[in-house]
Amino acid sequence: MGHESNREDDPHSSGFLCTRSPELRRDASHAPLFKVTVGTIVNWRNIAITVIDRVVSIDACLQEYVRVASLHVKRNPVCKPDGIMAGHVLGTMAHNRMNDNVTQSIRESYDRLADEYARRIFNELQQKPLDRELLSRFAAEIARGGEVCDIGCGPGHVARYLHDAGAAIFGLDISPRMLAQARQLNPDISFHEGNMMALDLQDGMLAGISAFYAIVNIPKTSLPSVFREMRRVLQPGGLLLLAFHTGDEILHEDELWGRHVSMDFFLFSPLAIQRHLEAAGFAIEEIIEREPYPPEVEYQSRRAYIFARKPGRLAQCATTLPTR
Ligand SMILES: C[S@@+](CC[C@H](N)C(=O)[O-])C[C@H]1O[C@@H](n2cnc3c(N)ncnc32)[C@H](O)[C@@H]1O
């Protein structure tokens, strides 16, 4: 996959690479895993970047770098890939290292919130008729298609609803304590620890993904890789149902429900999310927006739901799914 980038805030920009490279060269051997990115500077404001869409070890990354660098040289003898492209590899390590720190902070914050989150949120769907209707539609669409993952599942109430609607669901979340709550509240559903930025799931293994408020802590620069990962693990014809808070603010919280946390919450415009999903290869089927339910039911933000499909036709699963 390749794309052009010339944005000031792009983590792969030249300034970023210049300041980060020396420190990363020292650091590189400690980064366990990262996404491979290599590129060619056309000029300082125009960088052609190739993202090889895999999470790999350092050795595999460097091998991939050498392979792609030599291809670039063969195709375009005027480009000078050596230091510059190595810089991109290192720049990507830096980006991933920063992501690791953010991810760690998100995990710890949700760990601290988990019991209170479960207490306050686990029964919320009882008071959210539109959410129930959309989840029922989603379950009917992917019925008999195969496994479904609830990403960023929290205490597992969305997974619970989909399970009860007949979906072959499992939950995935980054927070071990959130997962402990989910397992306790839903002993008949499987829950796994995982990171939506690098899903430990096979290509094309899912009929559907639900992701309710799962992207609230994902910075917009990481949305492309999150949506590419979601598309990768869906079967052709697989369906994504995404819910998020709409807006364009970033809210930082150091304390929630009396617990110390450190998290940014990102609000997104439905149009921006639509564009990211389309860029990741999804076809948008429907975007629904609603005003918030009353304050005693939920946080007062406008909500959006997007049904998006990986192009293709969903295969019917031969196994018999539970009927309810
Ligand atoms: C706002 S909560 C939403 C929980 C639930 N889906 C709901 O509707 O209430 C966000 C959840 O996403 C999880 N999460 C955040 N970043 C994640 C990541 N990179 N990968 C997997 N889960 C993540 C958090 O641990 C948390 O449980």
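Please list, by residue number, every one of the chymotrypsin sites (Phe, Trp or Tyr not before Pro) in segment 270-308 that is coil in DSSP and has at most 14 other beta-carbon atoms within 10 Å.
On the way: sites: 282, 299, 305, 307; in loops: 282, 299.
The qualifying sites are 299.
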Order of 164, 173, 248 - criterion: other Cβ atoms within 10 Å of each residue's Cβ, fewest first:
248, 164, 173
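By count of other Cβ within 10 Å, fewest leading, how are 212, 170 ordered?
Working: 212 25, 170 19.
So the ranking, lowest neighbour count to highest, is 170, 212.
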Between residue 183 and residue 260, 0.36 nm times their residue separation minus their Cα-Cα distance comes to what?
25.3 nm
Is any residue of segment 284-302 close enough, with backbone N under 12 Å, to a label point placed 7 angstrom from the Cα of residue 116 along the Cα-Cβ axis, and if so, which?
none
In nanometres, what is the gap between the two model label sites at residue 125 and residue 285, each 7 Å from Cα along Cα-to-Cβ?
1.7 nm
Please report Rg (one decimal) and Dmax (integer) in Å for the Cα set of segment 174-252.
13.8, 38
If you place +1 on the Cβ of every Lys and Arg, -1 on the Cβ of every Asp and Glu, and leave all else neutral, what size is the dipole of segment 112-309 about its Cα centre, to the nearest 20 Debye?
280 debye
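Rounded to the nearest 0.05, what FRET efficiency do residue 202 and residue 108 have when you use their Cβ-Cβ distance and R0 = 35 Å? Intermediate values should be presented prior to the final figure.
Values: r = 29 Å, r/R0 = 0.83.
After rounding to 0.05, the efficiency reads 0.75.
Relative contact order (percent) for segment 174-324, with alpha-carbon contacts under 8 angstrom and 6 or more residues of separation?
Working: 250 pairs, mean separation 34.5, N = 151.
Computed value for segment 174-324: 23 percent relative contact order.
Here, each number is a calculation from the coordinates, and none is a lab measurement. Nothing here was measured: the structure is a model prediction, and the numbers come from that model. A quick note on method: Cβ atoms are made from the backbone with ideal geometry, for glycine too, and the neighbour counts reach across all protein chains shown.
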